[in-house]
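Visitor: Before I ask anything, here is the structure I am working with.
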Amino acid sequence: MSTSRLSLFFFYAILIILVNPTINAQRDPYVLHECSTTGNVTSNGTLRENLNTLISTLSSNTQIDYGFYNFTAGEGTNRVYATGLCRADLSPTDCRSCVNMSAHELLQLCPTQKEGVMWYMNCAARYSNNSIFGVMETKPTRALTSDNVTNLAEFNAVLEPLFYDLRVRASAGAIFRKIAVGTAYYKSDNYTIYGLMQCSPDLLEMDCSNCLVVAQNYIQGCCSGNSGLTILAPSCNLSIETDQFYDSTLVQSPPSLSPPSPLPPPPTKGTFPKRTSSELFFYISIISYTLDNY
């Protein structure tokens, strides 16, 4: 290729990227994030240092294969907590990579905040200076939506039993995994609806169910009648689509039943979910999103 033709090629390539920035955005797994307004920390303080250490080691345990990480670091008022959650059909390697990427980006986007949450397409990361383990949290709640249906009454009638079934099965999930998938047929537009509900596995069964009820009710105020939507909350999420966006065999396969052996002591202390009681995440065609306040 001649020098002039090569220069022309690069000129058009750059022009396309500038004119249509969605080309790059489609490769970006980032969906949404939220930084708390409840309090700030100094960038060089002990709490922030503990948080940096915690995020750096959040997904370091290679023996965890069930897609949920929860660790804590520091003592007293400088103690911080963090969790990472992946969709169940993500491999352990991909899950660790997703959690690591989302957690580090969250720290960059919330440089001085005491709390934050980041949703990716296949995972989510969250941190706080308050204990978040086993605590149901539904705020902030966010929505991603796509096209509208033609028959809202029928669509809602089809969704109601699907959501009920998914909520019951997800809430009753095992100690390491609270997720359910299922389908329903929407006759008016002649397609199958694929649904998924998931909770942080450290929640009690009732808390998981209540979180999913809140997420389901959120639809009425933001996006009732959308054929594709995702509702994201810190402790749970739900999604429906007209295409199958999950691997049902992997979602329904149980993880290892025995907890992993302890690793050599790192700078943070890991804990496993206790039963005293995966942009997220989801592959959808995102047309718009609706925001709620913290």
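Bear in mind that the values in this text are calculations on the coordinates, not laboratory data. Only a predicted model underlies this, so the values are computations on that prediction, with no experimental measurement involved. Please note: Cβ atoms are built from the backbone with ideal geometry, for glycine as well, and neighbour counts cover all protein chains shown.
Visitor: Rank these for me by crowding, L159, L250, L85, going from fewest to most other beta carbons within 10 Å.
Guide: With the sparsest Cβ surroundings first, the list reads L250, L159, L85.
Visitor: Something else: At 0.36 nm per residue, minus the direct Cα-Cα distance, what do E160 and T62 gain on full extension? Give it in nm, one decimal, please.
Guide: Length gained between E160 and T62: 31.4 nm.
Visitor: Taking the number of other C-beta atoms within 10 Å as the exposure measure, put E137, E75, E34 in order starting with the fewest.
Guide: E75, E137, E34
Visitor: I need the fraction of alpha carbon pairs in the range 103-231 separated by more than 27 Å, rounded to a whole percent.
Guide: The proportion of pairs with Cα distances above 27 Å equals 26 percent.
Visitor: Which three semi-axes in whole Å describe the equivalent ellipsoid of the range 86-151, each the square root of 5 times a Cα gyration tensor eigenvalue, listed largest first?
Guide: Listed largest to smallest, the semi-axes of the range 86-151 are 24, 18, 13 Å.
Visitor: Using label points projected 7 Å from each Cα along Cα→Cβ, tell me how many nm separate N44 and A153, to one decimal.
Guide: 6.7 nm
Visitor: Tell me, K178, K187, K114 in order of fewest to most beta-carbon neighbours within 10 Å?
Guide: With the sparsest Cβ surroundings first, the list reads K187, K114, K178.
Visitor: Moving to a separate point now. How big, on average over all directions, is the shadow cast by the Cα convex hull of the range 38-176, in nm²?
Guide: The Cα convex hull of the range 38-176, projected and averaged over all directions, gives 10.3 nm².
Visitor: Compute, for the range 70-200, the length of the dipole vector about the Cα centre, with Cβ point charges of +1 (Lys, Arg) and -1 (Asp, Glu) only. Units Debye, rounded to 20.
Guide: In total the dipole reaches around 360 debye.
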